[in-house]
1. State all residues of region 121-140 that are among the aromatic types (Phe, Trp, Tyr) and either in a helix (DSSP H, G or I) or under 20 Å from Asn163 (Cβ atoms) (or both); if no residue qualifies, say none.
2. For region 140-179: of the residues being of a type in the set (A, V, I, L, M) and buried (at least 18 other Cβ atoms within 10 Å of the Cβ), which is farthest from Ile66 (Cα to Cα)?
3. With the checklist (1) surrounded by 15 or more Cβ atoms within 10 Å (Cβ to Cβ); (2) touching a residue at least 24 places away in the same chain (Cβ under 8 Å); (3) farther than 18 Å from Asp146 by Cβ; (4) under 19 Å from the mean Cα position of the chain (by Cα) in hand, flag the one item His15 doesn't pass.
4. Among the helices (runs of 4 or more DSSP H) confined wholly to region 30-120, which include 2 or more residues that are in contact with a Cys (Cβ under 6 Å, 6 or more places away or on another chain)?
5. Within region 53-74, does at least one residue satisfy the condition of being of a type in the set (Val, Ile, Thr), over 19 Å from Val124 (Cα atoms), surrounded by 11 or more Cβ atoms within 10 Å (Cβ to Cβ) and more than 20 Å from the chain's Cα centre (by Cα)?
6. Test of understanding: among Ile34, Ile41, which residue is under 24 Å from Asn118 (Cα atoms), at pLDDT below 95, surrounded by fewer than 13 Cβ atoms within 10 Å (Cβ to Cβ) and of a type in the set (A, V, I, L, M)?
7. Only residues that are within 11 Å of Ser101 (Cα to Cα) and either modelled with pLDDT under 95 or outside any loop (DSSP other than H, G, I, E, B) (or both): list them for region 141-179, please.
8. Which one of the conditions (1) β-branched (Val, Ile, Thr); (2) over 29 Å from Ile159 (Cβ atoms); (3) in contact with a Ser or Thr (Cβ under 7 Å, 6 or more places away or on another chain) does Ile26 fail to meet, given that it meets all the rest?
Amino acid sequence: MEFELQILYAINNLHNPILDKIMVGITSLADGGIIWIALAILLLCIKKTRKCGFLMLISMFLGVIIGNGILKNLVARGRPCWVDPNIPLLIPNPKDYSFPSGHTLASLEASVMIFLHNKKWGTVCLIISMLIAFSRMYLFVHFPTDILGGAILGTIISISVYNIYENIKNKQKNEEIEE
């Protein structure tokens, strides 16, 4: 944890009034997964992207259960701002545990799913996700391993949901051919 705090202190040296406002804005995009939920609902409304939106919502639902419901409470890791309350926070002090980062988890679930369907827009979303993840460290509410854990878990969940869906679809297609 000491090494991670050193990384966070180094990031803390980047603070300035302009970057502070930018990072608060970036992190708020993913508060409650709102940007990703809204995007998934929008994608659901368009026939061509309906599958992507549907799989995004399934991935994020699983992330809430696995990441926020189970892992956060199982690991019960305190946040950096709880460990060192001397660093002033620019956002309200989160009340839930730190590992994994829920903002990062939801962002990667959504971005990876979009990437699996459309590389161009998925790359844009992955960049936004990286900025959101970095903002969580900049704002001193997550350790680097919280971010890494959220990113890995989000990627695994999305790829798994996508592969399960494709396997079910292919199985149904094969059964129709056999009949």
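1. Let us first name the residues in region 121-140 that are among the aromatic types (Phe, Trp, Tyr), namely 121, 134, 138, 140.
If the condition is that a residue be among the aromatic types (Phe, Trp, Tyr) and either in a helix (DSSP H, G or I) or under 20 Å from Asn163 (Cβ atoms) (or both), then Trp121, Phe134, Tyr138 are the ones that fit.
2. Narrowing region 140-179 to residues of a type in the set (A, V, I, L, M): 141, 147-148, 151-153, 156-157, 159, 161, 164, 168, 177.
With buried (at least 18 other Cβ atoms within 10 Å of the Cβ) added as a condition, the list becomes 141, 147, 151, 153, 157, 161.
Numbers: Val141: 20, Ile147: 15, Ala151: 13, Leu153: 9, Ile157: 9, Val161: 13 Å.
The selected residue is Val141.
3. Here His15 clears every test but (4).
4. Numbers: elements: 34-44, 50-63, 72-75, 80-83, 102-117.
In region 30-120, the matching helices (runs of 4 or more DSSP H) lie at 102-117.
5. Checked against the condition, which is being of a type in the set (Val, Ile, Thr), over 19 Å from Val124 (Cα atoms), surrounded by 11 or more Cβ atoms within 10 Å (Cβ to Cβ) and more than 20 Å from the chain's Cα centre (by Cα), region 53-74 yields no hits at all.
6. Values: Ile41 fails: at pLDDT below 95.
Ile34 is the lone residue from the list that is under 24 Å from Asn118 (Cα atoms), at pLDDT below 95, surrounded by fewer than 13 Cβ atoms within 10 Å (Cβ to Cβ) and of a type in the set (A, V, I, L, M).
7. Start the filter on region 141-179 by keeping residues that are within 11 Å of Ser101 (Cα to Cα), which leaves 141-154.
Scanning region 141-179 gives Pro144, Thr145, Asp146, Ile147, Leu148, Gly149, Gly150, Ala151, Ile152, Leu153, Gly154.
8. (2)
The values are calculated or read from the model by the stated rules, or taken from the named source; none is laboratory data. Please read all numbers here as calculations on a predicted model, not as lab measurements. Note that we place each Cβ from the backbone using ideal geometry, even for glycine, and neighbour counts take in every protein chain shown.
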